[in-house]
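Read-outs throughout are calculated quantities, based only on the coordinates presented, and are distinct from any laboratory measurement. The structure displayed is predicted, hence computed values, not measured ones. Backbone-built Cβ (ideal geometry, glycine too); neighbour counts: all protein chains shown.
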Amino acid sequence: MNQRPQSNEYIPYYSTYIQLVPEGDIIGILEEQVQDTVKLLKNISPSQAHFRYGPDKWTIKEVIGHIADTESIMSYRLLSFARGEMAELPGFDEDSYVQAADFNRLSAEDLLDNFEAVRKANVLLLKSLDEGMWTRGGSANESPVTVRALAWIIAGHELHHRSIIKDRYMGAESYPQA
């Protein structure tokens with residue numbers, strides 16, 4: 001379903017992410033953008049991967065892990081609602097997830113491989129949905145959301161963090177050269 005979700009399909013918090021996504025085939029967008037993010041990050045050095053632009057900010061490795069974790073959670077919601085789940089799905093604390101995961105012990109390459117695998121699985125899931133499933137919805141974190149909105153949120157969330165990586169991490173004066 002290539003139509004951008006309507007504002008009544010998600011809470012206002014997600015509008016920032018959804019507005020970042022260009023018009024077009026959301027599945028194609030998801031397939032292309034993962035390659036752009038991987039291309040941006042595949043050759044970062046260990047010191048760059050551990051860089052924080054501020055004392056309380058995540059490292060680039062933690063951002064990569066967070067993107068994949070969030071996509072996994074959003075895709076679980078997407079799958080659940082596409083299959084007709086009526087139960088309220090829980091929220092999650094992104095900072096607690098990042099802390100518990102200890103992404104900094106993993107290589108940037110492994111984190112990117114994980115992210116690509118998560119995205120590939122989600123693209124295949126989205127391709128399997130029939131038209132009626134895209135407009136199904138439910139409640140997650142006490143907020144209504146549709147399957148279609150979740151697909152666009154996944155795309156926008158990645159774009160949001162890729163922009164932060166470019167601007168605040170790689171654009172910082174103290175960003176390591178290698």
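Numbers at a glance
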read-out	value
Given 11 as the ceiling on other Cβ atoms within 10 Å, longest exposed-site-free region of the chain for GluC sites (Glu not before Pro) in DSSP loops	24-141
Separation of alpha-carbon centers, segment 74-119 and segment 1-27, rounded to whole Å	20 Å
Residue-averaged 222 nm ellipticity for the chain, from DSSP H runs of 4+ at -39500 (n - 2.57), nearest 500	-17500 deg cm²/dmol
Rounded to 10°, Cα long-axis angle of helix 26-41 versus longest principal axis of the chain	10 degrees
Karplus 3J(HN,Hα) series, Hz, for segment 46-63 with 6.51 cos²θ - 1.76 cosθ + 1.60 (x for Gly, Pro)	x, 5, 5, 5, 9, 6, 10, 7, x, x, 9, 9, 6, 6, 4, 4, 5, 5
Options Ile27, Pro90, Ala140, ranked by Cα towards positive dipole end of the chain, top entry (Cβ charges)	Ile27
Surrounding net charge for Tyr169, when Lys and Arg each add one and Asp and Glu each subtract one, Cβ distance under 10 Å	+3
Long-range amide H partners of Leu89 with built H, under 5 Å	Ser139, Ala140, Asn141, Glu142
Exposed-site-free run, longest, the chain (rule: trypsin sites (Lys or Arg not before Pro); DSSP loop; at most 12 other C-beta within 10 Å)	84-178
Degrees between helix 147-164 axis and first principal axis of the chain (Cα, 0 to 90, nearest 10)	20 degrees
Mean projection area, nm², convex hull over Cα of the chain	9.9 nm²
